[in-house]
Amino acid sequence: MSSKILVIISAILLAFLLGIPVNAHVVSEKEWLNDPHDHGDAKIVFVKAYQFGFAIKAIQDGSKIIVYPEGSEPSVLEVEEGDRIVFRVISGDVTHGFYIDGYTPTAVGDNRIVIEPGKIVEVGPITFNKPGKIKLRCSVTCGPLHPFMVSDIIVKPNIFFYILMASTFTIAGLTLLYTSRAPENRMLGVSLDKDLDLLKVRVIGPILKRFLQWRGAHFTLILPNLLIFMVVLAAGFFGNPTGNKNFSIAVVWILWFAAVEFLILFGSRTWCTICPLPAFGEWIARRRIYSVHNPRKWTSLGKKWPKSLNNMWVSALSFLGISLIVPWLVTRPVVTGLLFALLIAIPLFTHIIFDPQRNFCRSICPANGYIGYHSNASIFAVRSRDKSVCDKHRPKECIRGSPTGYGCPWKIYPGGHNENTYCGQCYECLRSCPLDNMTLKLRMIGQDLAKIAAKAKNKFDEAWMGFIRFTLAVFYELVFFGPYFWIKDWGNMGIIYGANLATIGLLTPSLEGLNNWFKWALIVAGVALVGYPAVFYGFSWLAKKLAGENGISTRQLFLSFSYALVPYGLFLWLAFAFSLILVNWAYPITAFSDPLGWGWNIFGTKFEWNPISPEVLPYLQAPLLLIGLALAINTTYNIARELLNDHAKAFRATLVMGILHTMAGLVFVWIVAG
Amino acid sequence: MGGESEAIQKLTSAIYKWYWSRKNDLSRDDAIKPALDVLEYIYKARKEGLDKRSEAAYCGSILLYSVLSLTGRRHTSEVDEANELYEVGKNLASFIWDELDEMRNDDKDPDGLDPTYSELLSRISDTIWKKYKTLKEGSNE
C-alpha cells in the first residue's frame, strides 16, 4: 500500500515538474486491457514492456479498441502529427523504464518513469507534434540486453524519411553528374594527388617525429591500454553479470566499438598502434620491452607462417562469426572476458611458434581485418616521402631492421607500399630508416583506392571483408536499435540472464533458443556471404555489359568495384557509432569509476543513463550515409577509369553500380528513419 | 690475408670519405669505432648461431649508424653514403665471420674463440689506425 502511495506521489511530482501526467496503480493485466479509461480526445495505447522489447497490446481511439492477439503485436507505433496519446504501460516481467526521445523528461533520478511489475503506469497525454521517427527506450537496467530495448514511434507524415529518400537520390544523381564531367583522379572535387607531410608541419611535425622515433613511444602508448585490458579481463570474469554495469562491456562494446570507427577515418590504424594484444608475444620473442635486441636473437621456434593464411579470410570470417554471437558478446561480460583471453593467448602462441612477426595481427585478429580494410579510406597514412629514394637505397632497413628500429613486423616493404591494409602503424620504419624518408601523410579519402582496386586480381578475401562489413552495419543498426524484438531474441538465443564466470551456466540455451539462433545465423551469414555478393556480382555483370567492355572479366570488375565499399561501409559504421555513443555514453564513463559494477565511484564519474538528444540521431546519421554514398559512387568511377581507361565506359559502369549503392543506401535510410 | 687487406682497404676508404674527412684529430678509439662495432656484433651473432648472411647484411647498417652517430647525425640525406657504408660493413662482417670459422677449423683455438677474436680485433684495429694516420697525413700535406 505504501509503495502505491509512493508511486502516486512521484507520479504527481513528475506531472507537476514536466506537465506530462503520469499515474500509476496496481491492477492485473486483465483489468489493464478490459478497463479502458476515458481521456477525452486522446488515444490510449496499451504497451507491455518485457525483456527486451515493447509490445503494443491494444489501441483505444474513443470507444473503439483494437486488441492485438498474443504474438502479433506491432513493434512500431504509428501516430498522426498532433495526436494526443496516453500510454498505459505494464511490465510483463521485471522493472523497466519508459523513455520517449524528445518527449518524456530526462531519464535521471525522480524524473525517470519506472514500470514495476503488477502496476499500470499511465504516461501522457503526450501530443506528438514533431513528425518523424523516434524511439521508445527502456531507461531502467532490466537485464543484459537493456541498452537495446527499444521500439519505434512513427509520427506521420514522416516527412524526414521522404526528405532523406529524396536526398539519397539527389546525392547519387549529383555525384553521377559530377563523374560525367570526367574528373581525373579527384574525389568529390578534391585532388587525390595532393597530400600533406605531417612531420614537416611547423611545431607539431618535429614534436611528433621526435616522439615517434623514440623507441619508448610504442610501449608508452600501449601501457595505459594494457592496464585497461587487464581491467576488462577482471571485470569480464568477476564483475557484475549485467553488461551495461560492467567495464568489459561498457568500455569495449560501447566506447571502443564506436571510437574505433572514428579512429579509422582520422587515424587509419591508430588503434593497432596502441593495441596491447600482441605485446606479450612480441616482448617475449624480442627479449626486449622496447629496445632493439642485440644480437638479433628471437625467442621463437621460427616455423614458417602458412602461406594460405597470408590473407584476410580468417579475419573476415572471425568478424562474421563474432557478429553471429554479438547479442551475447556485447551484453555478457564473461563472453567478452573469454574472447579477450583468447585474443591474448593466440598472438603469444603465434609469436613463439612461428616467425616472430605480426602474423596474428595480419591474418587472424577479427578487428585488424576490418580496420586494415577500411583504413584505405582514411585521411591518414604512413608513406615514404620519395619512393625513388627507397628504390635506390639498397640496405632496406625498413625490411631488415637497423640498430634503431626493427624491420617491419607486418612483413611489408614500407618504403614502397601504397595501401594501408597491412600497415599496422607501429612506426618501426620511421625509426629504422637512416634516410629519414618515412613520414605521416594527411590526404583526401580514397587517395590510393582506385589503384589498389584495379590491381586486386584474386583478392576475394578483401572483397568479402567489404560485403561482410557493409551488410553487418545494416544488421547491427537493425538488431541493436531497431524495433523488432524477434531479431534480437533469435541472436540472443532467448536467454534473459547476464553472466560472469560464476554464473556462466545461465547461458546454456534451450533447444528452441538454439533453433532460433541457427535461423538468425543463416539469415545474417546468408546475406553477408551469399546474398549481397550475388547481387553485387549481378550488377558488375550489368556494368560490364552497359560499359561495352569485353577486355575485362566480370570477375575482375566485381572484385575491383567491391572496393567502393571501403568508404561506404566505414561511413555506415560511423552512423551506427553515433547511435551507440550518444545514447549510451553514461555507461562507459561510469564504468571507469565502477569497473566491476559493484557500486563504487572511484573517480566521481558515476552517471545515470541519460541520452544526449537522441531525437536528433537520424539527422546526424543521414549526412554520414549520404557522404558514404557519394564517396562510393566517386570511388567506383575512379576504379572504373583506372581499369577501363575510358571515361565513357567508366561512367556507364559507374551508373549501374551507382544504382546498387543508392538502393543499399535506401535500405539504411529506411532503418534509421523509415 | 689478401681478403683481409681488401676488406679493410674498402672499409677505410669508405669511412674516410664519410667520417674521417669530416672530423679532425680523432682519437684512436673514435677512429676505429665503426669497425669495432661491426666486429663486436658479428662475433656475438656468430656465437649465438645466427644466420651469417642476414647478420652480415645487418652489420652494414651497424656501420652506417655508427658513422652517423660519430658525426652527430641521426639520418643522412645521401643514399650513396648509406649504400656504400652498408656494402662495406656487410663485406667486412662476412669476412670476419669466415675468418673466425677458419680459425676454429684450423683448431688453433680448441677451447673457445675469445683469444683468436682478440687477436683478430687487435690486428684489424692496428691496421685501421695506421691507415687513418696515413690518410690524414696525406690530406694535410
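The values are calculated or read from the model by the stated rules, or taken from the named source; none is laboratory data. Source: prediction; values computed, not measured. Quick reminder, even Gly has a Cβ in these numbers, built from the backbone with ideal geometry, and neighbours come from all protein chains shown.
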Name the single residue, out of those in region A:159-183 being surrounded by fewer than 16 Cβ atoms within 10 Å (Cβ to Cβ) and touching a residue at least 40 places away in the same chain (Cβ under 8 Å), that is nearest to the chain's Cα centre (by Cα).
A:Phe169
Residue pairs, Cβ under 7 Å, 6 or more apart or interchain, first in region A:90-111 and on the phi < 0 side of the Ramachandran plot and in the same structural domain as A:Ala55 (by TED's automatic domain parsing), second part of a loop (DSSP other than H, G, I, E, B) and among the aromatic types (Phe, Trp, Tyr). List them.
A:Thr104/A:Phe98; A:Ala107/A:Trp609
Could you tell me which of the residues B:Ala82, B:Ala93, B:Ala45, B:Ala57 is more than 9 Å from chain A (Cβ to nearest Cβ) and small (Gly, Ala, Ser)?
B:Ala93
Out of (1) exposed (fewer than 14 other Cβ atoms within 10 Å of the Cβ); (2) under 22 Å from A:Cys390 (Cβ atoms); (3) more than 9 Å from chain A (Cβ to nearest Cβ), the odd one out for B:Glu102 is which?
(2)
Being of a type outside the set (Asp, Glu), out of contact with any Phe, Trp or Tyr (no Cβ under 7 Å at 6 or more places or on another chain) and outside any helix (DSSP H, G or I) is true for just one of A:Ile496, A:Ile581. Which residue is that?
A:Ile496
When only residues in region A:285-318 that are surrounded by 18 or more Cβ atoms within 10 Å (Cβ to Cβ) and of a type outside the set (A, V, I, L, M, F, W, C) count, which is farthest from the other protein chains (Cβ to nearest Cβ)?
A:Ser315
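Condition check ((1) surrounded by fewer than 16 Cβ atoms within 10 Å (Cβ to Cβ); (2) assigned to a helix (DSSP H, G or I); (3) acidic (Asp, Glu)) across all residues:
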position	(1), (2), (3)
A:Ala456	no, no, no
A:Met465	no, yes, no
A:Phe475	no, yes, no
A:Val479	no, yes, no
A:Trp486	yes, yes, no
A:Ala502	yes, yes, no
A:Leu514	yes, yes, no
A:Lys519	yes, yes, no
A:Val527	no, yes, no
Kindly indicate whether any position in region A:201-220 is in a helix (DSSP H, G or I), within 14 Å of chain B (Cβ to nearest Cβ) and within 18 Å of A:Trp410 (Cα to Cα).
yes
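Before we move on, is A:Glu512 among the acidic types (Asp, Glu) and touching a helix residue (DSSP H, G or I) at 6+ places or on another chain (Cβ under 8 Å)? Explain how you work it out, then say what you get.
Values: among the acidic types (Asp, Glu): yes; touching a helix residue (DSSP H, G or I) at 6+ places or on another chain (Cβ under 8 Å): no.
No.
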Is it fair to say B:Asp80 is touching a Ser or Thr at 6+ places or on another chain (Cβ under 8 Å), closer than 16 Å to B:Tyr19 by Cα and surrounded by fewer than 22 Cβ atoms within 10 Å (Cβ to Cβ)?
no
Any chance A:Leu188 is at pLDDT 95 or above and on the phi > 0 side of the Ramachandran plot
yes
How many residues does region A:394-423 contain that are over 21 Å from A:Asn359 (Cβ atoms), within 14 Å of chain B (Cβ to nearest Cβ) and surrounded by fewer than 18 Cβ atoms within 10 Å (Cβ to Cβ)?
1
Filtered residue count, region B:60-76, keeping only those that are over 14 Å from the mean Cα position of the chain (by Cα) and within 7 Å of chain A (Cβ to nearest Cβ)
3
Taking A:Ile134 as the residue in question, decide whether it is of a type in the set (Val, Ile, Thr), in contact with a helix residue (DSSP H, G or I) (Cβ under 6 Å, 6 or more places away or on another chain) and surrounded by 18 or more Cβ atoms within 10 Å (Cβ to Cβ).
yes
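Could you go through region A:627-640 and let me know if any residue there is touching a residue at least 12 places away in the same chain (Cβ under 8 Å), within 28 Å of A:Ser151 (Cα to Cα) and outside any helix (DSSP H, G or I).
Looking through region A:627-640, none of the residues is touching a residue at least 12 places away in the same chain (Cβ under 8 Å), within 28 Å of A:Ser151 (Cα to Cα) and outside any helix (DSSP H, G or I).
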Report, ordered by the first and then the second residue, all pairs with beta carbons closer than 7 Å, sequence separation of six or more or different chains, a first member in region A:563-580 that is under 12 Å from A:Gly466 (Cβ atoms), and a second member that is among the basic types (Lys, Arg) and in a helix (DSSP H, G or I).
A:Gly569/A:Arg469
Here are some residues: A:Asp391, A:Asp436. Which one is within 12 Å of chain B (Cβ to nearest Cβ) and in a helix (DSSP H, G or I)?
A:Asp391
Test of understanding: among A:Leu277, A:Leu265, A:Leu233, which residue is under 21 Å from A:Cys365 (Cα atoms) and part of a loop (DSSP other than H, G, I, E, B)?
A:Leu277
Taking the stated definitions as given, is A:Phe266 surrounded by fewer than 17 Cβ atoms within 10 Å (Cβ to Cβ) and within 28 Å of A:Trp585 (Cβ to Cβ)?
yes
Per the list (1) over 24 Å from A:Glu477 (Cβ atoms); (2) without any contact (Cβ under 8 Å) to a residue 60 or more places away in the chain; (3) surrounded by fewer than 15 Cβ atoms within 10 Å (Cβ to Cβ), residue check on A:Ser593 breaks on (3)
Of the residues that make up region A:408-430, is at least one assigned to a strand (DSSP E or B) and outside the structural domain of A:Asp195 (by TED's automatic domain parsing)?
no
Quick one: would you say B:Lys33 is at pLDDT 95 or above and more than 12 Å from chain A (Cβ to nearest Cβ)?
yes
Test A:Glu615 against the criterion of being touching an Asp or Glu at 6+ places or on another chain (Cβ under 7 Å) and of a type outside the set (A, V, I, L, M, F, W, C), and give yes or no.
yes
Of the residues in region A:295-344, how many are in contact with a Leu (Cβ under 8 Å, 6 or more places away or on another chain) and either part of a loop (DSSP other than H, G, I, E, B) or of a type in the set (Ser, Thr, Tyr) (or both)?
7
Residue satisfying condition, being more than 20 Å from the chain's Cα centre (by Cα), in contact (Cβ under 8 Å) with a residue 40 or more places away in the chain and farther than 29 Å from A:Asn246 by Cβ, within set A:Leu501, A:Leu542, A:Leu529, A:Leu522
A:Leu542
Does A:Gly369 qualify as being within 14 Å of chain B (Cβ to nearest Cβ), touching a helix residue (DSSP H, G or I) at 6+ places or on another chain (Cβ under 6 Å) and either crowded, with 21+ Cβ neighbours inside 10 Å or closer than 26 Å to A:Arg288 by Cβ (or both)?
no
